[in-house]
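Student: One structure, as structure tokens, below. Some questions next.
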Protein chains: 2
Amino acid sequence: MADTRTTILDITEAAVLEKGFEATSIEEIAAAAEISRGGFFYHFKDKNALARALIERYIATEDRLYDDLFARARELNDDPLHALLIGLKLLAETLDDMPNGHPGCIIASAAYQDRLFDRGIRDLNRQAILGWRARFRAMFEQIAEKYPPKTKVDLDALGDMVSSVVEGGLILERALGEPGVPAAQIMQLRTYIKLLFAD
Amino acid sequence: MADTRTTILDITEAAVLEKGFEATSIEEIAAAAEISRGGFFYHFKDKNALARALIERYIATEDRLYDDLFARARELNDDPLHALLIGLKLLAETLDDMPNGHPGCIIASAAYQDRLFDRGIRDLNRQAILGWRARFRAMFEQIAEKYPPKTKVDLDALGDMVSSVVEGGLILERALGEPGVPAAQIMQLRTYIKLLFAD
DNA sequence: TGTCAACTTGACTTGCAGTACAGTGATTTT
DNA sequence: AAAATCACTGTACTGCAAGTCAAGTTGACA
């Protein structure tokens, strides 16, 4: 059996995906983990600490996913543009294969509940998004060197666009109850990049 | 003086933008509106009714904004592609001129708190997003007739992309504490549309 | 054998949502 | 002029969830 802390995080993640962080009570998390409320507070000082651990875990997972995906893409094609296009395709497929939606929500829900979460969580979030910006910006710089873009373009904004369409897509997906929106949005972004850089 | 109901909505909107819906108590809304808690419940049955009214008002505002913006753009240029490009530029400028951020958050925060809000609110949200999809899809259809797209493209996904980058941009803006992200994202989308359709 | 980590139990405080209802002063209707 | 309605105030209550605290239990390992 996994350790209780991990169990709590798994249960919380599922509950948060289903109904949001606020709507998930400690009581029900404890019940699902088959421990008492007191037991919960033994592992996490308060709900804030739980949120923080969840976000930390999510960011680590996401970073690893991006590492793997774009490393594999680069193996398949050494050209920076084609590697990115392959990576985005893989990302779209991965997004579509997530049955219960994507935990990206957690970042968004934290972004919209400033007061609820402490500064530490906000900084965590900020660093993660800046990290993704830098990651994709670096790829775009490499591409732009080899393939001059058809139009002048802000590479930071382009880097942000990956996060932006994923997060935006997740919101639409949830609000519409229609799966596949983030993947479709990523594919749009892919088309944009193709038009912008490819001959 | 504005009527109390409107005052309550204004105060709530500001508070929600600052710290989220959940973190805003009825007590503090009532205090800011200079009425008693009882007075609040006279106007709104519960917090759900307040959220619903806020979202209704937000959607109406957003629809009116889109109506105005793209009508003006069409006045400036009768060509469907150029009108849309002008409209998106105007939208980016409008987004940048909103000092306290954009209430788009409200849609997103509702999307992430399913349980908190009743089905009516969820349907409202859904209809709004479908409306925006249809609105932009119609524009893209008109454009595609005159300017065959360089690549096959899913017009629904393209229509969604407007909502997607605005909402996604708002999340990044909030999480980063960096203004101007949604406008920058809209400008990226504009570049994409230009590359996709223009000669 | 003792000690430490990982709990449990239970009692408590605080804060917020929501209910219920009695009353009040201003305005509107009849 | 009387009656009704509107837009509240005020108070008192229930119920739930978060979080605190103190004291006790249980199994593993040194």
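Readers should treat all values here as calculations from the given coordinates under stated rules, not as data from a laboratory. The structure presented is a predicted model; accordingly, all values stated were derived computationally and were not measured. We place every Cβ from the backbone using ideal geometry, glycine too, and count neighbours over all the protein chains shown.
Student: Mind pulling the per residue volume of the convex hull built on the Cα atoms of the range B:73-162? Å³ is fine. Write out the running numbers ahead of the final one.
Tutor: Values: hull volume 10.6 nm³, N = 90.
Per-residue hull volume (Cα only) is 118 Å³.
Student: Turning to a different aspect of this structure: With the crude spin-label approximation of a point 7 Å out along Cα→Cβ, what separation in nm comes out for residue B:118 versus residue B:42?
Tutor: Roughly 2.3 nm, to one decimal.
Student: Mind checking Rg over Rh on the range A:13-65, alpha carbons, Kirkwood formula for Rh?
Tutor: 1.00
Student: Given a Förster distance of 51 Å, report the FRET efficiency between residue B:75 and residue A:97 from their Cβ-Cβ distance, rounded to the nearest 0.05. The partial results should precede the final answer.
Tutor: On the way: r = 46 Å, r/R0 = 0.91.
E between residue B:75 and residue A:97, to the nearest 0.05, is 0.65.
Student: Along the charge dipole of the range B:1-116, pointing to its positive end and built from +1/-1 on Cβ of Lys, Arg, Asp and Glu, which listed residue (B:98, B:70, B:42) has its Cα farthest out?
Tutor: B:42
Student: At residue B:37, label 7 Å along Cα→Cβ: distances to the other copies, nm, ascending?
Tutor: Copy-to-copy label distances for residue B:37: 2.0 nm.
Student: How big is the convex hull of the Cα atoms of the range A:1-99, per residue, in Å³?
Tutor: 118
Student: Let me ask something else. Going down the list A:146/B:194; A:150/A:194; B:89/B:194, which pairs span over 18 Å between their C-alpha atoms? List each step's numbers first, then the result.
Tutor: Values: A:146/B:194 22 Å; A:150/A:194 10 Å; B:89/B:194 12 Å.
The pairs that break the limit, which is 18 Å between Cα atoms, are A:146/B:194.
Student: For the range A:39-56, just list the computed ³J(HN,Hα) in residue order, Karplus coefficients 6.51, -1.76 and 1.60, θ = phi - 60°, integers in Hz, with x standing in for Gly and Pro.
Tutor: Each residue's phi maps through the Karplus curve to give x, 4, 5, 5, 7, 10, 3, 7, 5, 4, 5, 5, 4, 4, 4, 5, 5, 4 Hz.
Student: List the distances, in nm to one decimal, from the label point of residue B:18 to the label points of the same position in every other copy, shortest first, placing each label point 7 Å from Cα along the Cα-to-Cβ direction.
Tutor: Sorted ascending, the copy-to-copy spacings read 3.5 nm.
Student: Assuming R0 = 25 Å, can you tell me the calculated FRET efficiency for the pair residue B:142 and residue B:65, based on Cβ-Cβ distance, to the nearest 0.05?
Tutor: Numbers: r = 20 Å, r/R0 = 0.82.
Working from the Cβ atoms, E equals 0.75.
Student: I need the inter-copy label distances for residue B:93: point set 7 Å along Cα to C-beta, values in nm with one decimal, smallest first.
Tutor: Result for residue B:93, in nm, nearest copy first: 4.5.
Student: Sorting A:68, B:160 on the 10 Å Cβ count, fewest up front, what's the list?
Tutor: Working: A:68 13, B:160 28.
By the 10 Å Cβ count, ascending: A:68, B:160.
Student: Counting just the Cα atoms, what span does the range B:47-197 cover along each of its three principal axes? Round to the nearest Å and put the largest first.
Tutor: 48, 31, 28
Student: Size of the dipole of chain B about the Cα centre, Lys and Arg at +1 and Asp and Glu at -1 on the beta carbon, nothing else charged, in debye to 20?
Tutor: On the way: 24 positive and 32 negative charges, 101 e Å.
Here the size comes out at about 480 debye.
Student: Scanning chain A for trypsin sites (Lys or Arg not before Pro) in DSSP loops with at most 15 other Cβ atoms within 10 Å, what's the longest stretch left with none?
Tutor: Working: sites that count: A:45, A:150, A:152.
Within chain A, the longest run free of exposed trypsin sites (Lys or Arg not before Pro) spans A:46-149.
Student: Whole angstrom only: what separates the Cα centroid of the range A:1-64 from the Cα centroid of the range B:122-183?
Tutor: 34
Student: Using θ = phi - 60° and the Karplus relation 6.51 cos²θ - 1.76 cosθ + 1.60, list the HN-Hα couplings for the range A:6-18 in order, rounded to whole Hz, with x at every Gly or Pro.
Tutor: 5, 4, 4, 5, 4, 4, 4, 4, 4, 5, 5, 4, 7
Student: Whole-Hz Karplus ³J(HN,Hα) for the range B:79-87, in order, using 6.51 cos²θ - 1.76 cosθ + 1.60 and θ = phi - 60°, x for Gly and Pro?
Tutor: 6, x, 5, 5, 4, 5, 4, 5, x
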